1. Which is the longest run of the chain containing none of the trypsin sites (Lys or Arg not before Pro) found in DSSP loop states (not H, G, I, E, B) with at most 15 other C-beta atoms within 10 Å?
2. Would you work out the relative contact order for region 87-162, in percent, from Cα pairs under 8 angstrom that are 6 or more residues apart?
3. Note down the nm distance, to one decimal, between modelled labels 7 Å out along Cα→Cβ at Arg232 and at Leu329.
4. Defining a contact as two alpha carbons under 8 Å apart and six or more residues distant in sequence, what relative contact order in percent does the chain show?
5. Test of understanding: what is the full-extension gain from Ile209 to Arg252, defined as 0.36 nm times their sequence separation minus their Cα-Cα distance?
6. Which one, Tyr173, Leu302, Ala56, projects farthest toward the positive side of the charge dipole computed for the chain from Cβ point charges (K/R +1, D/E -1)?
7. What length, rounded to one decimal in nm, is gained on full extension from Asp189 through to Ala111, with 0.36 nm per residue of separation minus their alpha-carbon distance?
8. Can you tell which of Leu283, Tyr187, Val118 lies farthest toward the positive end of the dipole of region 2-297, using +1 and -1 charges on the Cβ of basic and acidic side chains (Lys, Arg; Asp, Glu)?
Amino acid sequence: MTDAIGVILFTGVIAYAVFGGADFGAGFWDLTAGGAVRGSAPRSLIDRSIGPVWEANHTWLIYCLVVLWTGFPPAFAAITTTLYIPLGLAALGIVLRGSGFAFRKVTLRTAQQRLTGVVFAVSSVLTPFCFGGIAGAVASGRVPSTGGGAPLSSWLNPTGVLGGVLAVVACAYLAAVFLSSAATHPYPDEALYLYFRRRALAAGIAVGIVCLAGVFVLHVDAPRLFHQLSTRGLALLIVSAAAGLAALATLRARRSRLPRSFASLAVATVIAGWGVAQYPYLLGTHMSLAQAAAPDSTLWVLVAVACTAAVLIAPSLAALYVLHERDRLTSSA
């Protein structure tokens, strides 16, 4: 039962990383699009692509927090009392990002549009960096079982910074692949397609460089995680690398749907590799899933709630994505 809850939790983490990550990465490209004139077309595509779905993707974050809080309350307490700074910054980033994105659409003055656009874009980079730092802190064992760990050094360390940088570049890679595909359907734009394809290739290379650097960082700073990733999780990492390369190859071949699938698989499998390497521990090597688990009666209720949510919410989200793909929604929906 405990392992089942762990799988349910990590499923939500993967879903948020893929769907939410593509949204955050769009903000990165918004930030680097240039001035009002040069960046007009890319920003218009970004608005059209994420407008109907950006809020819905946060459903996965709420899902993860509820499962962690209910299924593993000691771990939730330890994480929130140690990593309250990156958690607070991430929450602030989500709020400011949403506000900036929404108000940019209704402001009339150029100065106001620039300000709200900068808030949206900077928050889109800050938030995934904080989430990556949190993952690095948890994976490297810097969150004490009793909580109340070092508020800064717990996540501002080599593994935490690696996690943050990797999250930012992975989100940028995902978004560039998704946006290049969006530029081909339903309103084909060759210039925008080439624009985001170049950025997808650059971001893919950046992800590869960060991952190679991460090998040395983890070997020194988190040796157990490095060992488990290089043994138990190696197959998933190989799949991730192959899927990432396949996404770039199919993107160059102008396959509209395959690049998104391969890019999503690349991100999903690297996170799954982390989960496999971390197992059976939830925090470092000092708190296992079994030690952190709530009573069996609570876990049974949580499984029932998760199954009910899957029946009710998953089809709704699927319908939203399909309608968006078919251009049946407007960016202001």
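Taken together, the values in this text are just the output of simple stated rules run on the coordinates, not laboratory data. From a predicted model like this one, the values you see are computed outputs, not experimental measurements. FYI the Cβ positions are ideal-geometry reconstructions off the backbone, even for glycines, and counts take in every protein chain you see.
1. With a cap of 15 other Cβ atoms within 10 Å, the longest stretch comes to 110-231.
2. Over region 87-162, the number comes to 31 percent.
3. 3.8 nm
4. Normalised by residue count, the contact order of the chain is 25 percent.
5. Extra length from Ile209 to Arg252 when fully extended: 13.4 nm.
6. It is Tyr173.
7. 25.3 nm
8. Tyr187
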